[in-house]
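To keep things clear, I will list the structure first and then write my remarks on it.
The values are calculated or read from the model by the stated rules, or taken from the named source; none is laboratory data. Just so we're clear, the structure is a prediction, and the values are computed from it rather than from any experiment. Cβ placement follows ideal geometry from the backbone for every residue including glycine, while neighbour counts extend to all protein chains displayed.
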Amino acid sequence: MSKRRPTNMKSHLKCLNVILLRSILVALVSVVMAFTPWPSAALFASETGTDLLGTVDAIAKLHQLSPIFIDPDRRKGMSLQQRKATEIEARNQLQRVPLELLIPQIEKYSVASEKQVRSFESPREFVTRLSDVAMNGIITPPKLEVPAHGPVAFKAHSSHVGNIKTFRAPTERIFAVFDSAAYRDTRVLVKWYQPSSGRIVLFKQFEIAATDSNYIWIDNTRGYAAGEYRVEIYRVNQSLQLLSSGIYRIET
């Protein structure tokens with residue numbers, strides 16, 4: 001049995017590698033990618049009292065759930081109740097993964113630094129909120145929050161005035177502009193996604209200028225799929241407060 005364990009663990013971890021690139025949920029799911037050698041994992045368990053077998057079991061279950069989050073075809077035929085149950089199960093399994101494995105992956109994918117996470121009164125509360133933000137609108141309709149500040153506006157050029165609600169698919173670049181005069185921070189977490197497909201276009205922390213207005217953009221490298229897109233700007237604090245949000249559409 002002891003000879004099989006490393007192989008089983010490595011198998012789960014390698015399978016999770018592809019998922020990492022698709023959403024932060026999967027980045028959290030595959031937290032032990034850098035933790036492949038079994039002796040190192042055993043040492044970690046002995047030093048911290050972590051339930052290693054429970055951790056591996058949680059990762060295995062998350063691996064089973066992850067295709068539902070990244071492949072729209074896997075969600076076909078699922079009722080809303082079934083999708084909500086999948087979200088709940090994913091949250092429950094993430095709670096079983098030690099913070100020592102989650103935090104390095106959160107930092108690796110530029111969501112938050114280890115220093116930031118450990119500075120919070122409850123790092124676990126932050127990770128739980130982060131997973132909620134990441135999963136929101138991916139396999140179930142987005143739960144809308146009221147932003148603390150103004151809306152996000154959209155433009156085809158940073159110098160344009162006004163707010164474009166609809167873009168054509170060939171548009172080369174889309175700018176998301178937000179009023180940051182009342183922001184108390186110069187670092188924000190941006191989630192840019194398409195709820196209908198569950199595709200996350202961008203999920204990353206950015207440093208912004210201490211000015212009245214800031215913007216970020218995405219380039220049309222592979223073409224934009226038709227449909228509605230949402231952009232959400234969060235304060236990087238323990239509660240990940242929603243600062244601004246906006247919606248636009250792509251038409252072919």
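Among the residues in segment 194-202, are any surrounded by 18 or more Cβ atoms within 10 Å (Cβ to Cβ), over 25 Å from Arg74 (Cβ atoms), touching a Lys or Arg at 6+ places or on another chain (Cβ under 9 Å) and not assigned by TED's automatic domain parsing to the domain that holds Pro72?
No: segment 194-202 contains no residue that is surrounded by 18 or more Cβ atoms within 10 Å (Cβ to Cβ), over 25 Å from Arg74 (Cβ atoms), touching a Lys or Arg at 6+ places or on another chain (Cβ under 9 Å) and not assigned by TED's automatic domain parsing to the domain that holds Pro72.
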**OP:** Go through (1) assigned by TED's automatic domain parsing to the domain that holds Leu52; (2) touching a residue at least 24 places away in the same chain (Cβ under 8 Å) and name the single condition Ala85 misses.
**Re:** (2)
Original post:
When both residues are 6+ apart or on different chains and their Cβ atoms are under 8 Å apart, which pairs have a first residue that lies in segment 61-77 and is among the β-branched types (Val, Ile, Thr), and a second that is in a helix (DSSP H, G or I) and modelled with pLDDT under 85?
Top reply: Ile70/Ile19; Ile70/Val26
Original post:
Within segment 77-85, can one find any residue that is surrounded by 13 or more Cβ atoms within 10 Å (Cβ to Cβ), closer than 14 Å to Leu240 by Cβ and charged (D, E, K, R)?
Top reply: no
Original post:
Using beta carbons and a limit of 8 Å, which pairs, at least six apart or on different chains, have the first residue in segment 231-245 and over 12 Å from Val133 (Cβ atoms) and in contact (Cβ under 8 Å) with a residue 60 or more places away in the chain and the second one surrounded by fewer than 19 Cβ atoms within 10 Å (Cβ to Cβ) and acidic (Asp, Glu)?
Top reply: Asn237/Asp185; Gln238/Glu121; Gln238/Glu125; Ser244/Asp179
**OP:** Looking only at segment 125-132, decide whether some residue is within 20 Å of the chain's Cα centre (by Cα) and either of a type in the set (Val, Ile, Thr) or in a loop (DSSP other than H, G, I, E, B) (or both).
**Re:** yes
Subject >> Residue in segment 217-229 that is of a type in the set (A, V, I, L, M, F, W, C), at pLDDT 90 or above and either in a loop (DSSP other than H, G, I, E, B) or over 25 Å from Glu251 (Cβ atoms) (or both) present >> reply: yes
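Within segment 141-154, is there a residue that is of a type outside the set (A, V, I, L, M, F, W, C) and without any contact (Cβ under 8 Å) to a residue 40 or more places away in the chain? Reasoning before the result, please.
Of all residues in segment 141-154, those of a type outside the set (A, V, I, L, M, F, W, C) come to 141-143, 145, 147, 149-151.
Then keep just the ones that are without any contact (Cβ under 8 Å) to a residue 40 or more places away in the chain; that gives 143.
Checking segment 141-154: at least one residue is of a type outside the set (A, V, I, L, M, F, W, C) and without any contact (Cβ under 8 Å) to a residue 40 or more places away in the chain.
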Original post:
Considering Asn214, Asn163, Asn237, which residue is part of a loop (DSSP other than H, G, I, E, B), touching a strand residue (DSSP E or B) at 6+ places or on another chain (Cβ under 9 Å) and outside the structural domain of Gln116 (by TED's automatic domain parsing)?
Top reply: Asn163
Subject >> Conditions (1) within 22 Å of the chain's Cα centre (by Cα); (2) surrounded by fewer than 17 Cβ atoms within 10 Å (Cβ to Cβ); (3) among the polar types (S, T, N, Q); (4) over 13 Å from Ile247 (Cβ atoms); number of the one not met by Asn214 >> reply: (2)
**OP:** Can you work out which of the residues in segment 171-193 that are closer than 14 Å to Pro147 by Cβ and charged (D, E, K, R) is surrounded by the most Cβ atoms within 10 Å (Cβ to Cβ)?
**Re:** Lys191
